[in-house]
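The block underneath contains the structure these notes are about, expressed in structure tokens.
No value in this document is a laboratory result; all are computed from the given coordinates. Because the structure is predicted, anything quoted here is derived from the model rather than measured. Methodologically, a virtual Cβ is constructed for each residue, glycine included, from the backbone with ideal geometry; neighbour enumeration extends over all protein chains shown.
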Amino acid sequence: MPLLTVELAHRLISEGRTAKRDIALTAKFKPGDKVVARNMHPTGHTRIPRYVRGRHGIIDRDHGVFVFPDSNAELAGEKPQHVYSVRFTARELWGPDAPARDVLYIDLWDDYLDPA
Amino acid sequence: MSNHDHNHSHRHNAPLSDIALRVKALESLLTEKGLVDPAALDAIVETYEKKIGPRNGAKVVAKAWTDPDYKARLLKDVTTAIAELGYGGLQGEDMVVVENTPSVHNLVVCTLCSCYPLPVLGLPPVWYKSAPYRARAVRDPRGVLKEFGIALPAETEVRVWDSTAELRYLVLPERPPGSEGMSEEALAALVSRDAMIGTAIVMLEEKTTP
Amino acid sequence: MNGIHDMGGMDGFGPIEREAEEPVFHEAWEGRVLALTRGCGAWGKWNIDRSRSGIEQMPPAEYLRASYYEKWLWRLEKLLVDAGMVTREEIERRYAETKQAAETP
């Protein structure tokens, strides 16, 4: 019996596999908090892009607790933690010539952020 | 066959490219080892080629436009609301809807790879996964939108959403003026895939682009 | 990692090229690669984060040159070999055989 069957394929697509974890963990931040994205440069997998590192933003929303990709990719455990939608102004990211009204929202984990 | 233009390859008798042969080889290897059933692969291909696509998202949008209670449910819990219409699953397990308004325009990107809300939009187009879009959408969204034919006034707030985690974003475009009284079905036909990514505006005439 | 995949904000890539009436798959092999990748992932030998990490390890020049599904094939082979499902030798041998068979009339 092959490991990948038609039935399994259909279930895989229709059910998916959420990365959210139903764990009650204290969030480091709450909406409205000022944060700074860490100046971190892991050599393994990470989902914090270079363009936000060291930049100042504001927590817009707490999405809940999710698997942490940096550790999960190395098969070093899921390390579930809060993920936030963090708002950065375009000028904060790209300098004073960026449009005044524009903003960027990016999803960042607890371990990517420090209080500002 | 004499009238054919032989500058393009005919699927029925063109030699397989090296990469096609490599994929065929890999598939045969995995099948032989009893690890995959080719019928399962057929099913996955068919699902994404024929069954899941932006018409799903268009239905969500049209329903949100015409049914205020549905829109409220959608904005509160997207995943459950799209499940009401039978949509959900892989790469749409945790969704967020971002609403365009007269003062806010949203644009979705995945700078790091190609994350995209598959259950409501199907597979992403090549341009969404391309280096120019991934690089520039966060840095110069207005320039990107101009390339797509959208010029926004300076007073509009442009919000770019970089899909770095497992949240998948769907833009709820503005309902075009003059569409009052249109049926949900007719409205859905107006909603292009690009409008749900943020690179198009929904217009009253039938969409000419995907 | 500070890889080539981390493209946000980079300059120099030129205009965004779009294809009208773009098919879901331009060639049949693309669909097979997608199906194989999604399907093989279901075994649980790797997770989505490890899978993304795979593509990030492509040498930068190859990453930029490769089409989307060429990247997926590169990544799939790497994941399968790393997980011990197949060996690199098996892949190359089967490819050589398949190519040989295709070239023989």
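Quick check: from the Cα gyration tensor, does segment C:1-44 come out rounded (a/c under 1.5), prolate or oblate?
Oblate shape, in that a/c is at least 1.5 and b/c is the bigger or equal ratio.
Principal axis extents for chain C, Cα atoms only, whole Å, descending order, please.
Answer, in whole Å and largest first: 44, 35, 25 Å.
Between C:28, C:66, C:20, which gets the highest mean-square fluctuation from a Gaussian network model of chain C, Cα cutoff 10 Å?
C:20
Rounded to the nearest 500, what is chain C's calculated 222 nm mean residue ellipticity when only DSSP H runs of at least 4 contribute -39500 (n - 2.57) each, over all residues?
Estimated from H runs of four or more residues: -17500 deg cm²/dmol.
Run a plain Debye calculation on the protein assembly as shown (Cα atoms as equal point scatterers, no solvent) and give log10 I(q)/I(0) at q = 0.08, 0.09, 0.13, 0.14 Å⁻¹, rounded to two decimals, same order as the q list.
-0.46, -0.59, -1.24, -1.42
For a 21 Å ceiling on Cα separation, which of these pairs sit above it: A:30/B:129; C:45/C:78; B:129/C:71; B:63/B:146?
Result: A:30/B:129; B:63/B:146 exceed 21 Å.
Can you show me the helix-derived [θ] at 222 nm for chain A, built from DSSP H runs with n ≥ 4 at -39,500 (n - 2.57) apiece and divided by the number of residues, rounded to the nearest 500.
Using -39500 (n - 2.57) per qualifying helix, the result is -4000 deg cm²/dmol.
Using the Kirkwood formula on the Cα atoms of segment B:53-197, what hydrodynamic radius do you get, in angstrom to one decimal?
For segment B:53-197, inverting the mean 1/r across all distinct Cα pairs yields 15.5 Å.
Lys/Arg Cβ at +1, Asp/Glu Cβ at -1, dipole of chain B taken about the Cα centre: which of B:119, B:26, B:104 is farthest positive-ward?
Towards the positive end, the residue furthest out is B:26.
Treating only the Cβ atoms of Lys and Arg (+1) and Asp and Glu (-1) as charged, compute the dipole magnitude of the protein assembly as shown about its Cα centre; round to the nearest 20 debye.
That gives a dipole near 680 debye.
Taking +1 at the Cβ of each Lys and Arg and -1 at the Cβ of each Asp and Glu, which of B:87, B:161, B:131 sits farthest along the dipole of segment B:68-163 towards its positive end, judged by Cα position relative to the Cα centre?
Of the candidates, B:131 comes out farthest on the positive side.
Per Stokes-Einstein, at 25 °C and 0.890 mPa s, what whole-number D in µm² s⁻¹ belongs to segment A:25-91, with the Kirkwood radius over Cα pairs as the hydrodynamic radius?
The diffusion coefficient I find is 190 µm²/s.
Dividing the Cα convex hull volume of segment B:116-210 by residue count, how many Å³ per residue is that?
Given the Cα convex hull of segment B:116-210, per-residue volume reads 118 Å³.
What average count of beta carbons from other chains do you get within 10 Å of the Cβ of residues in C:90-97?
What the average comes to for C:90-97 is 5.
Give me the tail of P(r) for segment A:64-116 as a percent: Cα-Cα pairs with distance above 19 Å.
Result for the distance tail: 43 percent.
Pairs of alpha-carbon atoms within less than 8 angstrom and 6+ residues apart define the contacts here; what relative contact order does chain C have, in percent?
29
As a test of the formula, what do you get for chain B when each DSSP H run with n ≥ 4 contributes -39,500 (n - 2.57) and the sum is divided by the residue count, at 222 nm and rounded to the nearest 500 deg cm²/dmol?
Mean residue ellipticity at 222 nm (helix-derived): -11000 deg cm²/dmol.
Against the longest alpha carbon principal axis of chain A, how many degrees, from 0 to 90 and to the nearest 10, is the axis of helix A:6-15 turned?
Value to nearest ten degrees: 30.
What's the longest piece of chain B with no exposed GluC sites (Glu not before Pro), counting a site as exposed if DSSP puts it in a loop and it has at most 10 other beta carbons within 10 Å?
Excluding the exposed sites themselves, the longest stretch runs over B:1-154.
Lone cysteines in chain B, defined as no other cysteine's Cβ under 4.7 Å from theirs: which are they?
B:113
Just need the relative contact order of chain B here, percent rounded to a whole number, with Cα pairs under 8 Å and 6+ apart.
23
Would you mind giving the three semi-axes, in whole Å and largest first, of the ellipsoid equivalent to chain A according to its Cα gyration tensor?
32, 16, 15
How many percent of DSSP beta bridges within segment B:94-206 run antiparallel, rounded to 5?
Of those bridges, close to 10 percent are antiparallel.
With a ≥ b ≥ c the root eigenvalues of the C-alpha gyration tensor of segment B:13-74, is it rounded (a/c under 1.5), prolate (a/b larger than b/c) or oblate?
It comes out prolate by the Cα gyration axes.
Return a whole-number percent for the relative contact order of chain A, with Cα pairs under 8 Å and 6 or more residues apart as the contact set.
Contact order relative to length: 26 percent.
Roughly how crowded by other chains is peptide B:115-127, in terms of the mean Cβ count from those chains within 10 Å of each of its Cβ atoms?
Across B:115-127, the average partner-chain Cβ count within 10 Å equals 3.
Counting DSSP beta bridges with both partners in the protein assembly as shown, what percentage is antiparallel, nearest 5?
Among the beta bridges of the protein assembly as shown, antiparallel pairing accounts for roughly 60 percent.
Answer rounded, prolate or oblate for segment C:41-101, using the Cα gyration tensor with square roots of eigenvalues a ≥ b ≥ c: rounded when a/c is under 1.5, else prolate when a/b is larger than b/c, else oblate.
It comes out oblate by the Cα gyration axes.
Of all the stretches in chain C, which is the longest one without any exposed loop site, taking GluC sites (Glu not before Pro) in a DSSP loop (any state but H, G, I, E, B) with at most 14 other Cβ atoms within 10 Å?
Longest stretch, sites excluded: C:22-105.
What whole-number distance in Å separates the alpha-carbon centres of segment B:81-140 and segment C:39-105?
About 26 Å separates the Cα centre of segment B:81-140 from the one of segment C:39-105.
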